[in-house]
Amino acid sequence: MKAVQIQNLRGLTDTGEIPLKLINVLVGANSSGKSTFLRLFPLLKQGFGARKSGPILWYGEDVDFGNFKTSLRNGQKSINLSFGIEIDQREIGERQFHNYTRPSLQKLPVTVSISVVDEYINNLSIKICNQTINLSFDRDKRYVQTCVINGKDYIQEIGDVIGIISSNSILPTLLSRVGIQAQKERLFFSSWSDIQKQTINAIKDLIDKRASLRTIETIVNDISIDSKEKLLGKAKSSQLLNSWTKRMASANLDSHLFCRINDFIILYFLSDLVSVVDATLCQIIKNSYYMAPVRASAQRYYRVQNLSVSSIDSMGQNLPMFLANMSETHRKRFHGWMDKHFGFYPEVKNRAGHISMYLVDGTKGKYNMADRGFGYSQILPILTQLWALTNGYNRRIHGRKDRSNTILFAIEQPELHLHPLLQKMVAKAFVASTEEAKRNNIDLKIVLETHSNTIIDSLGEMVANKEISQDDITIALFDSELQESQYNVRLANYTSEGFLENWPIGFFD
């Protein structure tokens, strides 16, 4: 995920496009909207697997937004969410033409935006390279009302299409109507295949009515979706059909022939494109992890639970079970990582059906966590989860291969109850983790909401020391009032010397 934009969610009028980099720091006064932004990720994640009437489950175990009405900014009608992602071009059309071997393809930049009204998606917009698709939906029956591709409405070409949101999706699945059962008067919907046949016929009529449908379909799948420039280049270079080659020889970006073929190709792949965008977006959201602002306090004993725990919950309550489930190999690696960065590590002992959690400090000895300062219980769930995500621990446990290697770790107030020295060590651990994640082919993005000038100053110091590039850090300043840009958020940045630019004077005073 490259960027996020939120409009009309709770106190946020419009954040503008906030780029997501390796480390993303959200700062601002209380009730300025930074927690709303950060909690968007667990908000979307908690809806997966649940029966829901819309794309968002507003109330769940991790975050509680109430319902649509309580989440909607006063005086507005819709909540708008926009995400910048990348999709694998190879996956577009893979299911429809799976026996066809494509040449090497690439990642395509996509901006997907949804407008949520009540409990349904009113509008879906996808911008892929320089191609734009806009779908609007009927409120009651979820029918597609308009299908605008690069400014032209193709609703007449697609006929009756419905969008259905499943329990494991955010975007609707597009299905076309294929018939009516006379007695029960029920509508039946199928895949996009009927529309694809109509689209291939339309392209065939533009090129050569004598051409084989199979040949046209092969050319279309070879071209695939891309930017207009690249799509034109691939269309011109196709040698499978002489009449195609002759017709495309004089085509340019503005010619009627190319514009029609370009839009029909997008229409051909539209249902699958939406599915691929949805699957990629959902995978990123499923790979997001959230740590709440107040974590569970340490107890002297914990009851043993026969559960396999591969990640830390948002309150850190299952931290002892997580540690107890580690193999000896993983435990040694984790202890070594903690000792290297902080000089201490947690350890668990199982005795008579109960688990005790200890803090092992090389200079001070070994103590039950209940006997140490409250700050340790607040920071240990964050650090343990950070190590697990950095090293792909949960993927190794489940042997899972995801379509996206992006992991989002959203943390509220990591500095809670920490001495400034330990806050500085945490900031260094964040930077070190992003580097370790790169080595493990993991695109780790840390999003943290903080009031700590120590963390912000420490990041600047590491920029100056070349431990991290200033281009890998986003500083987002939230304000409940709109800025001159008409956004609630303005972006600050570090110079190469580690000084903050576009930073309000006296912000921490």
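The values are calculated or read from the model by the stated rules, or taken from the named source; none is laboratory data. Predicted model, so just to flag it, every value in this text is computed and none were measured. Neighbour counts run over all protein chains shown; Cβ positions are idealised from the backbone, glycine included. What goes into the accessible areas is simple: the full protein's heavy atoms, side chains included, and nothing from ligands, DNA or RNA. Shrake-Rupley method; radii C 1.70, N 1.55, O 1.52, S 1.80 Å.
Taken over the stretch 469-490, the criterion of being in a strand (DSSP E or B) and open to solvent by less than 70 Å² (accessible area, probe 1.4 Å) is satisfied by I473, T474, I475, A476, L477, F478, V489. Inclusion of E436 among residues that are at pLDDT 95 or above and either under 26 Å from the mean Cα position of the chain (by Cα) or crowded, with 17+ Cβ neighbours inside 10 Å (or both) is not warranted. For R403, are the conditions met, namely being part of a loop (DSSP other than H, G, I, E, B), open to solvent by 20 Å² or more (accessible area, probe 1.4 Å) and modelled with pLDDT under 90? Yes.
For beta carbons closer than 6 Å, sequence separation of 6+ or different chains, a first residue in the stretch 445-464 that is assigned to a loop (DSSP other than H, G, I, E, B) and a second that is open to solvent by 10 Å² or more (accessible area, probe 1.4 Å) and of a type in the set (S, T, N, Q), the qualifying pairs are S452/Q423. Please find, within the stretch 439-457, the residue that is nearest to I407 (Cα to Cα) out of those that are open to solvent by 10 Å² or more (accessible area, probe 1.4 Å) and not charged (D, E, K, R). Selected residue: I442. Taken over the stretch 226-282, residues that are open to solvent by 30 Å² or more (accessible area, probe 1.4 Å), within 19 Å of Q131 (Cα to Cα) and touching a helix residue (DSSP H, G or I) at 6+ places or on another chain (Cβ under 8 Å) amount to 6. Against the numbered list (1) of a type in the set (S, T, N, Q); (2) surrounded by fewer than 18 Cβ atoms within 10 Å (Cβ to Cβ); (3) closer than 26 Å to S191 by Cα, Q89 comes up short only at (2). A count restricted to the stretch 146-166 and to residues that are polar (S, T, N, Q) and open to solvent by less than 40 Å² (accessible area, probe 1.4 Å) stands at 0.
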